[in-house]
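The values are calculated or read from the model by the stated rules, or taken from the named source; none is laboratory data. Source: prediction; values computed, not measured. Positions of Cβ are generated from backbone atoms using ideal geometry, with glycine treated the same way; all protein chains shown enter the neighbour counts. Keep in mind that these areas ignore ligands, DNA and RNA; they rest on the heavy atoms of the full protein, side chains included. Shrake-Rupley method; radii C 1.70, N 1.55, O 1.52, S 1.80 Å.
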Amino acid sequence: MPDPNGFLRYDRRLPARRPVPVRISDWREVYPPAGEELIREQATRCMDCGIPFCHDGCPLGNRIPDWNDLVRTGNWDAAVDSLHATNNFPEFTGRLCPAPCEAACVLGLGGQQPVTIKQVEVEIADAAVARDGLRPRPASAPTGRSVAVVGSGPAGLAAAQQLARAGHTVTVYERDDAIGGLLRYGIPDFKLEKQHIDKRLAQLTAEGVRFRTGVEVGVDVTAEQLRAEHDAVLLACGALQGRDTPETPGRALRGVHQAMAHLVAANRVVAAAGNGRPALATLPDGTPIDAAGKHVVIIGGGDTAADCLGVAHRQGAAGVHQLDLYPQPPTERDAARDPWPTWPWLLRSYPAHEEGGERVFAVAVQEFVDDGTGQVRAVRIAEVTVEKVDGRRIVTPLPGSEREIPADLVLLAIGFEGTEEQPLLAQFGVARNARGAVDSRPDWQAADGVFVAGDMHRGASLIVWAIAEGRAAAAAIHAYLGGVGELPAPVDPARQPLAAR
Ligand SMILES: Cc1cc2nc3c(=O)[nH]c(=O)nc-3n(C[C@H](O)[C@H](O)[C@H](O)COP(=O)(O)OP(=O)(O)OC[C@H]3O[C@@H](n4cnc5c(N)ncnc54)[C@H](O)[C@@H]3O)c2cc1C
Ligand code: SF4
């Protein structure tokens, strides 16, 4: 029986982040472990409210009150099992999820601070590693059926693990040189150290999953070949088509880049150093992958922009501005706009914001300014208002509000336009819809025997959704292959986040 008064005795507390001057001098994670005493105290704040809306907030349907109580009572082995019953990779979500479950926690309804669900989750995940090093759970008998998974992000990996444990032979094809999708080279080490991916991959390998890196499906191997070799194919290729701004004057100047070009290259430098390999020093166009001593301007307000901010500070930027088109969001939930338990529009400050830089809201770039040699020296911005008219975004500059911000390096983190246009699509007989995503039928098939999941299906989203879709697509593939019993399917293809309307 959970403690009904725990939240009255304990305030919400998170472990202290490592001090800013220390953490920006390395690439290690920002948060140290919480420690058992703190985490059991925080788990005690879960009152087992009876109707746990956090279950609906979490696309995986994580059994949050169950594992909170198991942690409260020090029953770690059972907590590990309970968490893994719904989530293949809690070490990723516990570190990286924005925690829509916490926005839906009943404590938030009563004016209290929600339970630190995500922190409890990561501590359970790390306890699993500490206890038995992620013990493999291979299938008891092979089914003789074979599945190709294209793309090794969280969607592809979750599906691969579910299918391998059900006895199918699974091969994951990845065009990159390492497995992990955006977790590997998109998300910096200060948010997710790569040892966590490697430990999980060791488990998947021991469970029989085969990995083939450096293979671009559609180019190095055709869809026809893959279909001949496998009984079903899952496409989990992500939504990596970066949005650009070709119409802005000066876009072609040196020093103006897609954020992902800089971020991925910077993360590769860190990976290479960790592997004892020589670091790549430049982008393909010869630009040094380094913000050291530079005035950096990041355009955009999401995860990618915040990750660029953290990278720029660790590289030694002289100064960083982060520009956002929209006005500064409120710091408290606007209940009329986003009633509990929905995900509220709020000013979100990541640890990277604590490390420095200036955020500028309600502005738009009018021009990237040339220094006379073809290199950017500033961005000219204007204050703007933004309205939606017939679903279209109308951005109106305020007359007389223009000014320049110095810039040697400009990073465009203005979102993604869906999955990339690539040969694989036509070869499998699938196409991008108006949002750049690939639609599926209710059974996750985009074409006969070809399934789709994760960002490729949903559009750029979150790790928790990618895992949920990977699990659900695996359940559909298992049924398609005539597998015995049912695998869990936490979401259907039409499922959307909790919304008021
Ligand atoms: C910079 C950044 C930071 C983020 N931070 C967070 C965060 O903190 N929290 C969070 O929840 N979400 C975050 N996200 C979003 C999250 O990373 C994605 O939603 C998630 O990774 C999607 O998983 P996925 O498996 O669908 O695709 P991805 O992770 O994108 O993986 C797709 C994989 O498919 C491979 N591929 C593509 N085409 C082929 C082909 N033809 N052949 C072989 N392989 C192919 C790609 O190389 C890639 O490895 C972030 C995203 C970005 C860009
Ligand atoms: S995966 Fe995300 S939404 Fe689900 S319990 Fe963990 S932090 Fe909450």
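Quick notes on this structure:
- Hz values of 3J(HN,Hα) by residue in segment 364-374 - Karplus curve (6.51, -1.76, 1.60), Gly and Pro given as x: 9, 6, 9, 6, 8, 9, 6, 8, x, 10, x
- Long-range amide H partners of residue 258 with built H, under 5 Å: 412
- Placing +1 on each Lys and Arg Cβ and -1 on each Asp and Glu Cβ, with no other charges, gives the chain a dipole about its Cα centre of roughly 360 debye.
- 3J(HN,Hα) couplings calculated from phi for segment 436-446 with the Karplus curve 6.51 cos²θ - 1.76 cosθ + 1.60 (θ = phi - 60°) are, in sequence order, x, 9, 10, 6, 10, 6, x, 9, 6, 7, 9 Hz; Gly and Pro show x.
- Extension gain, residue 426 back to residue 212 (0.36 nm per residue minus Cα-Cα distance, nm): 74.8 nm
- Relative contact order, percent, the chain [alpha-carbon distance under 8 Å, six or more residues apart]: 17 percent
- The slack between residue 77 and residue 48, meaning 0.36 nm per residue of separation minus the straight C-alpha distance, is 8.4 nm.
- For residue 446, the residues whose modelled amide H falls within less than 5 Å of its own, excluding neighbours fewer than 5 places apart on the same chain, are 441, 451, 452.
- Relative packing of peptides 183-193, 207-217, 44-54 - highest average C-beta neighbours within 10 Å first: 183-193, 44-54, 207-217
- By the Stokes-Einstein formula, at 1.306 mPa s and 10 °C, the chain with its Kirkwood radius over alpha-carbon pairs has D equal to 66 µm²/s.
- Low-density loop positions, trypsin sites (Lys or Arg not before Pro), segment 330-391 - DSSP coil, at most 16 other Cβ in 10 Å: 337, 348
- Shape of segment 5-164, Cα gyration tensor, a/c cut at 1.5: prolate
- Gain on full extension, evaluated as 0.36 nm per residue between residue 332 and residue 177 minus their Cα-Cα distance, stands at 51.5 nm.
- Lysine pairs in the chain whose alpha-carbon atoms fall under 23 angstrom of each other, counting only those eight or more residues apart or on distinct chains, come to 4.
- Heavy-atom accessible surface of the chain, averaged per residue, reaches 43 Å², computed with a 1.4 Å probe.
- Packing-based order for 31-41, 250-260, 404-414, 133-143, using average beta carbon neighbours within 10 Å, highest first: 404-414, 250-260, 31-41, 133-143
- Carbon + sulfur, % of accessible area of the chain - ligands and nucleic acids excluded, 1.4 Å: 51 percent
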